[in-house]
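The values are calculated or read from the model by the stated rules, or taken from the named source; none is laboratory data. The structure displayed is predicted, hence computed values, not measured ones. Cβ atoms come from the backbone with ideal geometry, glycine included; neighbour counts cover every protein chain shown. For accessibility, only protein heavy atoms count, side chains too; no ligands or nucleic acids. Shrake-Rupley method; radii C 1.70, N 1.55, O 1.52, S 1.80 Å.
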Amino acid sequence: MSVIEKIKAKAAADLKHIVLAEGTEPRTVQAAQKIVAQKLAKVTLVGAKAEVEAKAAELGVDLTGVGVVDPAACEKTPVYAQKLFELRQKKGMTLEQATELVTKNTLYFATMMLKMDDADGMVAGAINTTGDVLRPALQIIKTAPGIKVVSSCFLMDVPNKKYGDDGVMVFGDCAVIPNPTAEELAAIAVSSAQTGKALADLDPRVALLSFSTKGSAKHENVTKVQEATRIAHEIAPELNIDGELQADAALVESVGQLKSPGSPVAGKANVLVFPDLQAGNIGYKLVQRLAGAEAVGPIIQGLAKPVNDLSRGCSVDDIVSVVAIAAVKAQG
Ligand code: ACO
């Protein structure tokens, strides 16, 4: 069973309610039908009812079992507006602005559904950027208790199965924090380990990557990774974490033993933490393209409730997978 098949099986075992903010987007409408047919989650599409139905008819999609909610007509809209105003008035938001946002911006409406427990998870990003999907979540849902920062990771399933756990690895952060501080890097390491455990049943062995292994090079960027490793040990002493490690020292047993002897991580890492977003984003795309890996994500981590982003190039099946991930995260 592939990693995504396992996640789908978990989702199906305890159905959660996922709201899809881009309810008139064609791939999203098709995915909603598939999710219901495969019994992976309960789904609600957000959008003007007539538009959603017209899109479904055009695509030949049967919406039986799929919820549709229209922000312009929903009785909860004023309640969401009032709550959004209360949450954001210190930041200068007026009730009029909050009303406009929940009525006209389906990302804000769907995020408020999640906030008010009218959904268990939210997925969007087929037509909106990562920043636009995340901003309402960062402002409204906020971080989970004990987690200082929201970040992301990819579950990588590499076909040659040589590294990680039978080819399965977590790569973080590949989509959210452009230039993390040492403290943020430590949080990414801990959250990525938690995601690997929750979604792929990994026993995490976390490597904080650098161009240096254990002081082999001296540079402020290396010092940052060393500091992040120290903080990660402090906040999660139970986890197997090591750094700074070069990628080969993290993955290849013989190199790991040579460069970091006795490390519980070196040579057998299954969670790779990249020093910044450029490295993380480039790294996952290289492995995806050059090694033919399945890259599941970006999986947003560290939020108090599950919000998941899609790539704008996503397929219908990608949306189905990301909804399954949100559903499993919602199971807790
Ligand atoms: N964790 C927790 N809270 C955060 C984070 C974070 N990582 N980032 C911002 N916030 C909070 C801020 O504290 C602020 O809260 P407040 O308004 O209550 O004070 C709120 O979110 C908004 O903060 P801004 O600084 O205005 O956020 P910004 O508009 O810069 O957006 C974002 C944050 C969207 C995550 C930004 O960092 C970003 O665009 N990251 C890169 C995304 C991207 O382009 N990824 C690559 C493509 S994805 C791919 O290829 C798969």
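Before moving on, here are some points about what is shown:
- For the range 9-105, the helices (runs of 4 or more DSSP H) that sit wholly inside it and include 3 or more residues that are under 24 Å from the mean Cα position of the chain (by Cα) and farther than 24 Å from Lys115 by Cβ are 26-37.
- Only residues that are more than 16 Å from Val206 (Cβ to Cβ), open to solvent by 50 Å² or more (accessible area, probe 1.4 Å) and in contact (Cβ under 8 Å) with a residue 40 or more places away in the chain were counted across the range 149-182, and they come to 5.
- Gly297 vs. criteria touching a residue at least 60 places away in the same chain (Cβ under 8 Å), in contact with a Phe, Trp or Tyr (Cβ under 7 Å, 6 or more places away or on another chain) and either within 16 Å of the ligand (Cβ to nearest atom) or open to solvent by less than 40 Å² (accessible area, probe 1.4 Å) (or both): yes
- Restricting attention to the range 144-161, the residues being more than 9 Å from the ligand (Cβ to nearest atom) and among the small types (Gly, Ala, Ser) number 2.
- Among the residues of the range 260-303, the ones that are assigned to a loop (DSSP other than H, G, I, E, B) and of a type in the set (A, V, I, L, M, F, W, C) come to 6 in all.
- Residue list for the range 128-143, restricted to those being in a loop (DSSP other than H, G, I, E, B), more than 7 Å from the ligand (Cβ to nearest atom) and over 13 Å from Gly302 (Cα atoms): Asn128
- Leading residue by the ranking (most open to solvent (accessible area, probe 1.4 Å)) among those in the range 233-259 that are assigned to a loop (DSSP other than H, G, I, E, B) and out of contact with any helix residue (DSSP H, G or I) (no Cβ under 6 Å at 6 or more places or on another chain): Glu238
- Flag if Gly302 is of a type outside the set (Lys, Arg) and touching a Ser or Thr at 6+ places or on another chain (Cβ under 6 Å): yes
- Filter result for Gly215 (modelled with pLDDT under 95, over 28 Å from Val43 (Cβ atoms) and open to solvent by less than 30 Å² (accessible area, probe 1.4 Å)): yes
- Any hit, the range 285-292, residues being more than 10 Å from the ligand (Cβ to nearest atom) and open to solvent by less than 20 Å² (accessible area, probe 1.4 Å): no
- Check on Thr77, in contact with a Pro (Cβ under 6 Å, 6 or more places away or on another chain), of a type in the set (Ser, Thr, Tyr) and surrounded by fewer than 21 Cβ atoms within 10 Å (Cβ to Cβ): yes
- Residue in the range 186-207 that is open to solvent by 30 Å² or more (accessible area, probe 1.4 Å), away from the ligand (no atom under 16 Å from the Cβ), closer than 25 Å to Lys42 by Cβ and not polar (S, T, N, Q) present: yes
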